[in-house]
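**Q** Quick one: this structure, given as structure tokens, is what I'll be asking you about.
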Amino acid sequence: MLIAVTAENPFADPLRYERRVPDCAMVIFGASGDLTKRKLLPALYRLAYERRLQPTFAVLGTSRTPLTDEVFREKMRESVKQFLEDSPFDEDLWQSFARHLHYLPGDMGDSRLYAAIQGKLAEIGQANVLYYLSTQPSYYGPVIDGLGAAGAPQAPPEAWRRIIIEKPFGRDFESARALNARIHPVFPEESVYRIDHYLGKETVQNILAFRFGNGIFEPLWNRRYVNHVLITASESIGVEGRGAYYQEAGALRDMIQNHLLQVMATVAMEPPAVFEPDAVRDERAKLLRSIKVMSSEEVPVNAVAGQYRGFREEPGVNPETQTETYVAATFFIENWRWARVPFYVRSGKKLPRRATDIVIRFRDAPHAVFSDAGREIRPNLLILRIQPEEGISLRFLSKQPGSGMRLRPVSMDFNYGSSFGERSPSAYETLLVDAMMGDATLYTRQDMVEASWRVVQPILDHWSRQKFDFPNYDPGTWGPAASEEMLARQGHRWRNS
Amino acid sequence: MTATVDPEKILRDLRELWSQLGREKETAGGVLRACSMTLIVASQCEGDTDAEADAARRTLGILMHDHPSRAIVIHARAGAELDARVFAECWMPFGRHQQICAEGIQFTVDPASLGAVASLLVPLRVPDLPVVLWCCNAAALGQCASTEGQATRSSAAYESLFPMADKLIFDSGAAADPDAALGFLRQLKSKGVHVADLAWTRLTGWREAIAHLFENGSIPADRIAAVDITHGGDSPASGALYLSAWMKSTLPAARVSLQGSAGEPGLRSVVLWGQGVDCSVSLADGSSVNVRASNRSYLSLLPPVTSDALMREELSILGPDPVFDRVLDSLRGKT
């Protein structure tokens, strides 16, 4: 969405150069961490390459690691070269970009750090400031307090201060509420950008285009025509050295509470009246609030936990850990559109392949005209592929060539990459630009975060009281048998191809 | 003529091309077919060389990555017999295992027979997709449109290709008579055709640097009293004329001057001044400009102005281009 930051600029030419962001500085807490190296700096460099950033756009990184500006620049240069995807590295551009990279070492619990940040920002001379919390979640509170005490949220007239907060936003419903309560005295809700990078993916945004830009699908998008919906986010890798972190999180917190419930909300939400941040977020929030919260008795029936064989042997992982590396859950949406339509959601590590997709399984034709020849009759499926091979497929039946009426499923495919050719921006590029432009459409709001925690809270509570017989699935399989059984009870099954 | 080149046969050849690529799929990682428009490229052989046609094909190969198309390359060469052949442009996107391929048809034709090719193209357009015609030869514009409204014989031959296109792309940058070239574009536009000029596209970096001086109300535009544009050479090329017209149409109360300087043609600097305002954008080297405003001064990189970069920008605008249209209109009677 274009936000007309230059609406009153008589020289604007939105078809050719509208989306350069306002001049600003970005302060990154946790600047020596993985996210900064792998995602943030490559995204910022790419935005500079695309000429979306002002030439004087500045980054001020901070973390405990003692580094000089020069060493920080060199480290970031190596990271950008290593993690830049689909793009060339331009040495001249880097030199120009790196001139505005700065670094301040310091302890995030020390008030002097925040005074030093304010001093450095004054020296850099940028009126607009975007703070980015890319630290361990335990530092969110101290950083918010430190920024508040240093007067960081107070912007000069016509300027702004915003803060991006990485997931996880809280460990449960109560801690998420407590964090919100800690943030709001310092930053008003409209300045808070809770990032869920799934929402920044082009293909997730394309769900909205697909649903609300076309007239032919929305009439089918309801309980009358849809039998059930399958949402899968599978990873072929394990915890890859993040065992200690993952052991504290688990698949339910790491994937379902944020990414997949947001994807589910995007698939199932009502059309917004206009494509504006609060209109879209209102509809997502309404949908999240409509998800039926399971009772304690329903959890064993509608949620399955799994742990792959070998997780307990990962470095940093407790050999007795009860943390789940796989989750499957059945959710129901309590509204007129989706009443009694199951939404099956699953995510896991060490599964056969990396894929995120949404499968809409339509109801069968009301009368089986071809039943005699119909040994191979299969339902219509609409498959929205988020990653990899982003695209959309519609599966339907076709007559097989030859005599007789033998039907065979065929697929009509739209492939994002080949249809457009041009490179898609990474989720972080999209989301960073949006935050700098003040567009919060793809960020989660307080009520959305709390609604999604409310949905998973009974599962967390029930599982915390249970001792699982882990491990219960082998690497390279599609998870524990109980997951298939959960769907089989409804006469359904996962699509594992 | 039509006996040697049959559109039905070309379409059969294209189908065979895809069947062949499909058979190769079994050994390679596979092929995905992609097409977002029909892109017709009209190039002309100068003397004995095919340099322009070769350059156009190279540009096409790059353009296909962002704008996969059915490319129809019309290569005009004096004395050539009409001939056509099909080809595929394939590439492996970064990090993928499947090639993406787009299809193409190349015609070789005598310039005098361009009109005959036009009729062959009608069934070769991809249905329901936009058609863009890129006239990368000066004969289509610069050398031939010597007086406004009176196209010469050579450009008239190209004109037979115009009606089938949703957008026409020219380049007046090297036109010997820029005023006449711009007049010709205005004439086409007045007939309701979407026209584009790569000489205007080359200005994007300059215009962007100027526009950013005015972002967020940092400089009130109504304070600008005068704009001085300096270009290389004695007489302004079409780029300088466009920039001057853009300034005049954007700041109608300001005085806009255009002055030449020694050296190669091209823009040198733009100085804007008025009450309490003195800012400028000036060429630092071939790839960047110095931007100076109030107490700030910085270097801003210009986007590349290679054929593929310019075409990529134009192909991303298939509907009306209000700013360019306004500027082209404002040149009426001034060129």
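The values are calculated or read from the model by the stated rules, or taken from the named source; none is laboratory data. All of these numbers come straight from a predicted model, not from anything done at the bench. Cβ sites come from the backbone with ideal geometry, for glycine too, and all protein chains shown count toward neighbours.
**Q** In the range B:314-335, what residues are surrounded by fewer than 17 Cβ atoms within 10 Å (Cβ to Cβ) and part of a helix (DSSP H, G or I)?
**A** Scanning the range B:314-335 gives B:PRO322, B:ASP325, B:ARG326, B:ASP329.
**Q** Is it true that B:ALA151 is crowded, with 17+ Cβ neighbours inside 10 Å, out of contact with any His (no Cβ under 6 Å at 6 or more places or on another chain) and at pLDDT below 65?
**A** yes
**Q** Filter the range B:288-308 down to residues that are within 12 Å of chain A (Cβ to nearest Cβ) and small (Gly, Ala, Ser) and give me whichever is surrounded by the most Cβ atoms within 10 Å (Cβ to Cβ).
**A** For the range B:288-308, the residue satisfying everything is B:SER300.
**Q** Keeping to the range A:153-203, report how many residues are assigned to a helix (DSSP H, G or I), of a type in the set (D, E, K, R) and surrounded by 15 or more Cβ atoms within 10 Å (Cβ to Cβ).
**A** The number of residues fulfilling the criteria is 3.
**Q** Regarding A:ILE383, is this residue assigned to a strand (DSSP E or B), buried (at least 23 other Cβ atoms within 10 Å of the Cβ) and in contact (Cβ under 8 Å) with a residue 12 or more places away in the chain?
**A** no
**Q** Of the residues that make up the range A:58-70, is at least one β-branched (Val, Ile, Thr) and free of Cβ contacts under 8 Å to residues at least 24 places away in the same chain?
**A** Among the residues of the range A:58-70, not one is β-branched (Val, Ile, Thr) and free of Cβ contacts under 8 Å to residues at least 24 places away in the same chain, which makes the answer no.
**Q** So for the range A:9-23 (the condition being within 22 Å of A:ASP434 (Cα to Cα), touching a residue at least 40 places away in the same chain (Cβ under 8 Å), of a type outside the set (Lys, Arg) and in contact with a Ser or Thr (Cβ under 7 Å, 6 or more places away or on another chain)), does at least one residue qualify?
**A** So far as the range A:9-23 goes, yes, one or more of its residues are within 22 Å of A:ASP434 (Cα to Cα), touching a residue at least 40 places away in the same chain (Cβ under 8 Å), of a type outside the set (Lys, Arg) and in contact with a Ser or Thr (Cβ under 7 Å, 6 or more places away or on another chain).
**Q** For the range A:345-356, give me each residue that is surrounded by 23 or more Cβ atoms within 10 Å (Cβ to Cβ), over 19 Å from A:ILE333 (Cα atoms) and under 16 Å from the mean Cα position of the chain (by Cα).
**A** A:SER347, A:GLY348, A:THR356
**Q** Can you tell which of A:ARG363, A:ARG337, A:ARG378 is of a type in the set (Lys, Arg) and under 27 Å from the mean Cα position of the chain (by Cα)?
**A** A:ARG337
**Q** Another question, if that's okay. Just checking, which of A:MET108, A:MET26 is away from chain B (no Cβ under 14 Å), surrounded by 20 or more Cβ atoms within 10 Å (Cβ to Cβ) and touching a helix residue (DSSP H, G or I) at 6+ places or on another chain (Cβ under 6 Å)?
**A** Only one candidate qualifies: A:MET108.
**Q** So which of A:GLY141, A:GLY146 ends up being modelled with pLDDT of 95 or more, farther than 24 Å from A:TRP463 by Cα and assigned to a helix (DSSP H, G or I)?
**A** Among A:GLY141, A:GLY146, only A:GLY146 is modelled with pLDDT of 95 or more, farther than 24 Å from A:TRP463 by Cα and assigned to a helix (DSSP H, G or I).
**Q** Also, I was wondering about something else. For the condition surrounded by fewer than 20 Cβ atoms within 10 Å (Cβ to Cβ) and part of a loop (DSSP other than H, G, I, E, B), what is the one hit in A:ALA249, A:ALA273?
**A** A:ALA273
**Q** Can I ask one more? Determine which member of the set A:TYR473, A:TYR443 is more than 23 Å from the chain's Cα centre (by Cα) and over 25 Å from A:VAL226 (Cα atoms).
**A** A:TYR473
**Q** (1) modelled with pLDDT under 95; (2) loosely packed, with under 13 Cβ neighbours inside 10 Å: which one isn't true of A:GLU485, the others all being true?
**A** (1)
**Q** Of the conditions (1) out of contact with any Asp or Glu (no Cβ under 8 Å at 6 or more places or on another chain); (2) more than 16 Å from B:ARG202 (Cβ to Cβ), B:VAL271 fails just one. Which one is it?
**A** With respect to (1) out of contact with any Asp or Glu (no Cβ under 8 Å at 6 or more places or on another chain); (2) more than 16 Å from B:ARG202 (Cβ to Cβ), B:VAL271 is out only on (1).
**Q** Now a separate question. So, in the range A:43-98, of the ones that are more than 29 Å from the chain's Cα centre (by Cα) and away from chain B (no Cβ under 14 Å), which residue ends up farthest from B:VAL281 (Cα to Cα)?
**A** Ranking the candidates gives A:PRO66 first.
**Q** Here is a further query. Does the range B:230-242 include one or more residues that are free of Cβ contacts under 8 Å to residues at least 24 places away in the same chain, out of contact with any helix residue (DSSP H, G or I) (no Cβ under 7 Å at 6 or more places or on another chain) and on the phi < 0 side of the Ramachandran plot?
**A** Taking every residue of the range B:230-242 in turn, none turns out to be free of Cβ contacts under 8 Å to residues at least 24 places away in the same chain, out of contact with any helix residue (DSSP H, G or I) (no Cβ under 7 Å at 6 or more places or on another chain) and on the phi < 0 side of the Ramachandran plot.
**Q** Under 7 Å by Cβ, and 6 or more places apart or on different chains, what pairs join a residue from the range B:275-287 that is crowded, with 16+ Cβ neighbours inside 10 Å with one that is part of a loop (DSSP other than H, G, I, E, B)?
**A** Every condition considered, the pairs that remain are B:VAL277/B:ILE219; B:CYS279/B:ILE219.
**Q** Taking the stated definitions as given, is B:THR204 at pLDDT 90 or above and within 14 Å of chain A (Cβ to nearest Cβ)?
**A** yes
**Q** On to the next question. When you scan the range B:229-277, how many residues do you find that are touching a Lys or Arg at 6+ places or on another chain (Cβ under 8 Å) and assigned to a strand (DSSP E or B)?
**A** Looking only at that region, the number is 7.
**Q** I'd like the full set of residues that are polar (S, T, N, Q) and either within 28 Å of the chain's Cα centre (by Cα) or part of a loop (DSSP other than H, G, I, E, B) (or both), limited to the range B:278-305.
**A** B:SER280, B:SER282, B:SER287, B:SER288, B:ASN290, B:SER294, B:ASN295, B:SER300
**Q** Further question: Tell me yes or no: at least one residue of the range A:113-125 is over 26 Å from the mean Cα position of the chain (by Cα) and within 14 Å of chain B (Cβ to nearest Cβ).
**A** Yes, the range A:113-125 has at least one match.
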